[in-house]
Structure formats: structure tokens, C-alpha cells
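For reference, the structure is listed below as C-alpha cells.
The values are calculated or read from the model by the stated rules, or taken from the named source; none is laboratory data. Since the structure is predicted, the reported quantities are computational estimates derived from the model, not experimental observations. All Cβ positions, glycine included, derive from the backbone under ideal geometry; neighbour counts span all protein chains shown. These area figures cover heavy atoms from the full protein model, side chains too; ligands, DNA and RNA do not enter into them. Shrake-Rupley method; radii C 1.70, N 1.55, O 1.52, S 1.80 Å.
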Amino acid sequence: MDDLEKLKAAMRGKRLHLFGPPGCGKGNRSKDLQALGLVHVASGIALRAKVRDDPGSKLSKTAQAVMERGELVPDEIVVPVVMEHLQRPECREQGFVLDGFPRTKAQADLLFSEIDLDLVLHLDVPRNFLVYGVVEGARRACTACAAGYSDFDPPRIEGVCDRCGGEIVRRADDTAETIARRLDGYEAETKAFLPDLEARGIVEVLPITVADDEAVDERHLKTLRGEVYRVETDDGARLRMLNLEGMRRRLYRFLAEKFA
Ligand code: ADP
Ligand code: ZN
């Protein structure tokens, strides 16, 4: 059995949650975990699908207006959508990666009253990169499989998804204003319950940055216009960052050490 097959077997049935601000790469890490056999349960994608499938309903209109402003959809709408998905047999059998939920302490308490998690992965991305990466990096996503791209991680052929051949477009709510508002919401509501998760002993940090003394293949680093990109952190350091391929490798290595 090769290493990837061994990792897939070890991940079967595991329940993961991705914790981190908008633009930190939850969508792409979810794709990497999906490739290991976990079911991707994404509140944002589920909400957008609900609006698309039933655009005329009162619920859809409320949800859409809230999402366009970058605010949080009320619990009465988002909680049933996510909990229904988690209770499907495929999630119990294969395991799942929960992306975008819980986002508030109330949602977290509700989740843990029904389900335990094996691991919360805290995707640690310098704040300076978040708005910049989404807006200046022109974050865009596949309309078919939701894989994420940007100028730092462009697809091989512009407009066409590397993973599935689907069409790549920008999200209407990815403006500087809504990203800033989503980040404020993250700082105020989501980050506030991280200590609760830490107290359960299930949180592990997965950084995106690479220290200066760490040897790393340049093909695994974010570049912009052909140059290795460096992000300035809060303490003034300028660090290199892993790209899609680099983060996938870091994630798999981490999971293999923990579970395989
Ligand atoms: P992002 O992480 O970039 O904010 P998502 O796709 O996760 O994007 O979510 C898009 C929108 O859906 C959010 O701005 C919010 O309005 C709504 N949403 C998603 N998850 C939740 C949640 N757990 N609680 C409330 N609203 C949510
Ligand atoms: Zn795709």
C-alpha cells in the first residue's frame, strides 16, 4: 500500500473542522481532504445552493441579502442546512470536513451537543495577506467544484479549473468592503470561541508561512509576476508563503504524522 492509500485508510470516518478567516484557504484545504475520501460540508456553498435552487422563497431572499452584505445568515436558516448534511450516512461512514461552520459560539455549542470532532485545523494566515490575497490577487473559484484560485495560485489555463475543467469566475461578494466586513465578523464572533475549542484539546495549527531557514522547493511557494512573494507579518517579518501544492503537501504530512 503506498503512502496516499495508507493516509486515506487512516482518515476514514474522521470528523474535521477547518478554522480560519475568510480567504485563508479553507476551500482548497477542503478539496485536499475530499481527495482523501472525506465529505465536504461547506455552509457557504450549501447556502448559495439553497438560494439558487429556490430563489423566490422568503428564506432565500433573506439569506441572499445578508450574504451580499457579508454579514452572518441567521442561525434558524444556516443550522438546519448544515446539521441535515452532517447526519447523512455518507458523513458517518466516510467522515467529513466541516468548512465555514460553526462561526459563532452559539453554533459551536449546538454542534457539540450532537457531534464530536476529531480535529480542528486552525489555518494560520497573516492578516495582511487576507484582504490583499482576495482582492489584489483576484480570488476566483470553479463554478462546478468550488476549487479556489488567484493570481498567486493561477490555474494552468486561465478560466478553466485544473481539477475538473469547470468554469472559473470571481465571486460577486469578493469586494474589499465585504471582505473587510467578513474579517471583522471573524475577529469579533468566530475567533472569540477558539479558546473553547482549544479547551477541548482538539485544535492544531497549520501555518501557511515558511521560515527563512526552512529549505523548500520554489515550486511550492506563492509567486507573483514570477517572483517569490513575501508577506509582512504583524511583527515586521517578511515571510514566504506556501502555494496550493505546498499547502497540500504540508497538510498531508501533518495528517500522516497524526493519524497514519
Ligand atoms: P467566506 O468564508 O469567504 O466568508 P463562505 O462561502 O464561507 O465565505 O460564506 C459566504 C457567506 O455565507 C458568509 O458571508 C455568510 O453570510 C454566510 N455564511 C456561511 N456560513 C455561515 C455560518 N456558519 N453562519 C452564518 N452565516 C454563514
Ligand atoms: Zn473545478
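Couple of notes before you dig in:
- Hits in region 115-146 (condition: surrounded by fewer than 21 Cβ atoms within 10 Å (Cβ to Cβ) and within 12 Å of ligand 2 (Cβ to nearest atom)): Thr143, Ala144, Cys145
- From Arg248, Arg238, residue being under 27 Å from Asp173 (Cβ atoms) and basic (Lys, Arg): Arg248
- Output for region 147-178, where each listed residue is more than 14 Å from ligand 1 (Cβ to nearest atom), touching a residue at least 40 places away in the same chain (Cβ under 8 Å) and open to solvent by 80 Å² or more (accessible area, probe 1.4 Å): Arg163
- Candidates Leu36, Leu72, Leu4, Leu16: the one that is closer than 27 Å to Gly246 by Cα and in a loop (DSSP other than H, G, I, E, B) is Leu36.
- Cβ pairs under 6 Å, 6+ apart, first in region 3-23 and closer than 21 Å to Gly44 by Cα, second assigned to a loop (DSSP other than H, G, I, E, B) and more than 16 Å from ligand 2 (Cβ to nearest atom): Arg15/Gly95; Arg15/Leu117; Arg15/Asp118; His17/Leu117
- All conditions in (1) within 20 Å of Leu33 (Cβ to Cβ); (2) at pLDDT 95 or above; (3) open to solvent by less than 70 Å² (accessible area, probe 1.4 Å) hold for Gln107, with the sole exception of (1).
- Considering the conditions (1) basic (Lys, Arg); (2) within 20 Å of the chain's Cα centre (by Cα); (3) more than 30 Å from Asp235 (Cα to Cα), Lys58 is excluded by exactly one of them, (2).
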